[in-house]
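Novice: The structure's right below; bear with me while I get my questions together.
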Amino acid sequence: MLILVAGITGNVGQEMALAAFNAGHSVRGLSRNPSKLPESISSKLESFVTSKSSIDIPALDVACSGVDAIVCAYKPEPEPSLDGQLMLLRAAERSGVKRFHAASWNLDWSGLPLGEHETYDAYISFLHHARVSSPIKPLYTFCGVLAKTFFAVPKAGKLEDNSSFWQRIEDGKRRINVLGTGDEMYDFTPEEDAAAFTIALITSEKAENGGVYYYCSDSFTLKQWKETYERITGREVEWNVTGLTGEMADGLVQKMRSEALANDQVREKLSEYIGLVYVKYLLNGGMGQKRSDRDMFPQVAAHRKTLEEYIKKNPEF
């Protein structure tokens, strides 16, 4: 199949391209800056369509023409997540494409009402609008926390610097900032595993039916994370108990959100409390995996990376 990867230059987009190549498919790229792609990907592309923005309709029409499937890997910001995805969906309709995987690869926001998690509101709005307005039935994959986000790799996710679980401190040491008790379970998926599942899904006989799917590579507690990293690397991890609970996070979010709404400053104030929204749901499990579709594609499941395998591969993290 010829697969269009929209947002191909991002962390997730590049992994989607590699997964498609590995599965024997052709890939067309869509993004603003082709120079951001490594030669190992750009040299294998069927073509690259340069867009001015995520709502560049002429570029979207060129990109969607003649492809068999579309994977949208836009970054998690309001405009591309809603406006951009909707324009991409309309371009897919005009081109007759029936296989469309929407940007997801998150905690499971599919059942949330609007206003509960502002980062996900654009995705939720897209999901519901697509249901009632498009003949295309998009696919969505929820995978917990992506590995580079968990390990606070710069520019790979929302959990960075002082808001991260994982911190690199002086002399090569590592610190885990403990939320809750440290016994809560987290769903974890390396980006390459999420991409392999996505490509298998969108090229399968189920693709045109759309719907929500669940994939995670491993689940563990913060205590298990600490023990695993220390055992594999031989380096001690500092255990920093923050004292923050889900209830505390919820209370702080309600107060800060109410003030932002009252002053019509949600856009300006969102960065001050959105991390606490993630904390709330990570600790209460309200956006966790509803089931597991991991074994739906045995060729993908056989190569998934557990936390232990991921650390062995990336000890520098």
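Values in this text are rule-based calculations from the coordinates and carry no lab data. Predicted model only: the values in this text are computed from it and were never measured. Ideal geometry is used to build each Cβ from the backbone, glycine not excepted, and the neighbour counts take in all protein chains shown.
Novice: Tell me the volume per residue, in Å³, of the convex hull enclosing the alpha carbons of region 268-309.
Specialist: Details: hull volume 5.8 nm³, N = 42.
For region 268-309, the hull spanned by Cα atoms encloses 137 Å³ per residue.
Novice: Using DSSP H assignments, which helices in the chain have an axial alpha-carbon span of 20 Å or above and a mean Kyte-Doolittle hydropathy of -1.0 or higher? Kindly include the intermediate steps, with their values, before the conclusion.
Specialist: Values: long enough: 118-133 (23 Å, -0.24); 246-262 (24 Å, -0.18); 266-284 (27 Å, 0.23).
Flagged H segments are 118-133, 246-262, 266-284.
Novice: Can you give me the Kirkwood hydrodynamic radius for region 182-263, using every pair of distinct Cα atoms, in Å to one decimal? Mind dumping the intermediate values first?
Specialist: Details: mean 1/r = 0.0594 Å⁻¹.
Averaging 1/r across every pair of different Cα atoms and inverting gives 16.8 Å.
Novice: Around S133, what is the net charge, scoring Lys/Arg as +1 and Asp/Glu as -1 over all other residues with Cβ under 15 Å from its Cβ? Don't skip to the answer; put the middle values down first.
Specialist: Values: positive: R90, R94, R131, K137; negative: D83, E93.
That works out to +2.
Novice: For each pair in K36/K148; K173/K305; K98/K305; K98/K280; K52/K148, compute the distance between the two Cα atoms and list the pairs where it is over 26 Å.
Specialist: Values: K36/K148 18 Å; K173/K305 24 Å; K98/K305 31 Å; K98/K280 37 Å; K52/K148 28 Å.
Beyond 26 Å between Cα atoms: K98/K305; K98/K280; K52/K148.
Novice: log₁₀ I(q)/I(0) of the chain at q = 0.13 Å⁻¹, via Debye over equal Cα point scatterers, no solvent, to two decimals?
Specialist: Log10 I(q)/I(0), no solvent term: -0.98.
Novice: Going by how many other Cβ atoms sit within 10 Å of their own, how do R175, R291, R131, R28 line up, fewest first? Walk me through the numbers before you get to the answer.
Specialist: Values: R175 16, R291 8, R131 11, R28 24.
Final ranking by Cβ density, sparse to dense: R291, R131, R175, R28.
Novice: Sticking with this structure for a sec: Dipole of region 1-151, Cα-centred, from +1 at each Lys and Arg C-beta and -1 at each Asp and Glu C-beta, to the nearest 20 debye? Intermediate results must be reported in sequence, preceding the final value.
Specialist: Numbers: 13 positive and 14 negative charges, 78 e Å.
Its charge dipole is roughly 380 debye.
Novice: Set Lys and Arg Cβ to +1 and Asp and Glu Cβ to -1, take the dipole of the chain about its Cα centre, and tell me which of Y140, L107, A262 lies farthest positive.
Specialist: Y140
Novice: Cross-link partners among aspartates and glutamates for K75, C-alpha distance below 13 Å, same-chain residues fewer than 8 apart left out?
Specialist: In chain and number order, the partners are D83.
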